[in-house]
Amino acid sequence: MTDPRLLPRTIAVLGCGGLGVPAAWTLALDGRYPLVLIDDDCVELSNLHRQVLYATAEVGQPKAPALARALLEVAPQLQVEVRQGRLGPANAAALLQGCDAVLEGTDDAVSKFAVNDWAVGAPAGVQRVASIAAAIGRRGQWMVVRSAGPCYRCLFEEPPQPESLATCQIAGVLGPAVGQVGALAARSLLRVLAGEADSADGALVRLQARGLLRTPVAAAAACRCQARGDGAADSEPWGQHV
Ligand SMILES: [Zn+2]
């Protein structure tokens, strides 16, 4: 059987909006990993202040291919694929086929939990990693989840009801704040993939008015991330990219 750690790693960028654009830009300029851009939305005029790789002429066009074109302008060697879709529990495996790392940057809590479950539900011996980011108003947060946990569900257990959440349309979102969170979430993912220490690895890092606040997440004994049984192997560093 092929050692999964010897396969080239592919990073899916889920959501090509305020978080996904700066995250994809960071990953593309790093240049080590092929990218898969996943989104089901089109560029809107109100997006342009924070989704800075889109042009006015692209309003109304699908975001993922527009972002791929913009990334190839700055990183012509980039391997980039586009997939249209909105991720949920039912289609996570299909939409993330061939990917072993995810930058989750949608505004959809269901997607964040589905990505979390994809990471911790990896088959025995397979390592997956996800950097799950969110931003609203002037605040944002991200956490890197590995297959062995701790995970998003150790912290939040279940997705909140949609009606209980503020949205960017209602609460607004500050362009520089969401841009910073997207880029930092991507940098955390790159560090973990390279086997380097990162403050968001197993911890929630929050961007607040006074700076960054790190909260380590303890693995919950009853959580699904602890049910896999081979956590010892997964807790090894990812090692150098091959
Ligand atoms: Zn967990």
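The values are calculated or read from the model by the stated rules, or taken from the named source; none is laboratory data. From a predicted model like this one, the values you see are computed outputs, not experimental measurements. Reconstructed Cβ throughout: ideal geometry from the backbone, glycine too, with neighbour counts over all protein chains shown.
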| message | If I filter the stretch 82-91 for residues that are modelled with pLDDT of 95 or more, within 22 Å of Arg187 (Cα to Cα) and surrounded by fewer than 24 Cβ atoms within 10 Å (Cβ to Cβ), do I get at least one hit? | response | yes
| remark: Among the residues of the stretch 182-196, the number that are assigned to a helix (DSSP H, G or I), of a type outside the set (A, V, I, L, M, F, W, C) and over 18 Å from Arg139 (Cβ atoms) is 2
| task | For Thr215, work out the one condition from (1) more than 15 Å from the ligand (Cβ to nearest atom); (2) in a strand (DSSP E or B) it doesn't fulfil. | result | (1)
| query | Any residue in the stretch 58-70 that is among the β-branched types (Val, Ile, Thr), farther than 24 Å from Ala135 by Cα and surrounded by fewer than 20 Cβ atoms within 10 Å (Cβ to Cβ)? | reply | no
| query | Any chance the stretch 107-126 includes a residue that's touching a strand residue (DSSP E or B) at 6+ places or on another chain (Cβ under 7 Å) and closer than 20 Å to Ala28 by Cα? | reply | no
| message | Just to verify a result, which residue in the stretch 130-147, among those that are of a type in the set (Val, Ile, Thr) and surrounded by 22 or more Cβ atoms within 10 Å (Cβ to Cβ), is nearest to Val110 (Cα to Cα)? | response | Ile132
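Name the residue, out of Ala114, Ala135, that is in a helix (DSSP H, G or I), in contact with a helix residue (DSSP H, G or I) (Cβ under 6 Å, 6 or more places away or on another chain) and more than 11 Å from the ligand (Cβ to nearest atom). Let's see the steps before the verdict.
Working: Ala135 fails: in a helix (DSSP H, G or I).
Only one candidate qualifies: Ala114.
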| request: State yes or no: is Arg139 under 18 Å from Leu190 (Cα atoms) and among the basic types (Lys, Arg)? | output: no
| message | Which numbered condition in (1) crowded, with 16+ Cβ neighbours inside 10 Å; (2) in contact with a helix residue (DSSP H, G or I) (Cβ under 6 Å, 6 or more places away or on another chain); (3) modelled with pLDDT of 85 or more is the only one that Ala219 fails? | response | (1)
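When you check Gly31 against the structure, is it within 30 Å of Gly125 (Cα to Cα) and at pLDDT 85 or above, yes or no?
yes
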| request: Can you run down the residue pairs with Cβ atoms below 9 Å, 6 or more apart or on separate chains, where the first is in the stretch 137-151 and under 12 Å from Arg224 (Cα atoms) and the partner is assigned to a loop (DSSP other than H, G, I, E, B) and β-branched (Val, Ile, Thr)? | output: Ser147/Val126; Gly149/Val217; Pro150/Val217; Cys151/Val217
| Is one or more of the residues making up the stretch 93-105 buried (at least 21 other Cβ atoms within 10 Å of the Cβ) and farther than 18 Å from Pro34 by Cβ? | no
| request: Scan the stretch 60-76 for residues that are touching a strand residue (DSSP E or B) at 6+ places or on another chain (Cβ under 7 Å) and outside any helix (DSSP H, G or I) and jot them down. | output: Gly60, Gln61, Pro62
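Matching residues to (1) within 16 Å of Ser131 (Cα to Cα); (2) within 14 Å of the ligand (Cβ to nearest atom); (3) modelled with pLDDT under 95:
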position	(1), (2), (3)
Ala194	yes, no, yes
Ser199	yes, no, no
Ala203	yes, yes, no
Leu207	yes, no, yes
Asp234	no, yes, yes
Gly239	no, no, yes
| remark: Checked pairs for the stretch 191-203, first farther than 14 Å from Leu103 by Cβ, second assigned to a loop (DSSP other than H, G, I, E, B) and not β-branched (Val, Ile, Thr), C-beta under 6 Å and 6 or more apart or across chains, list as Gly195/Pro237; Gly195/Trp238; Gly195/Gly239; Gly202/Pro150
| Options Cys225, Cys168: the member that is within 14 Å of the ligand (Cβ to nearest atom) and modelled with pLDDT under 95 | Cys225
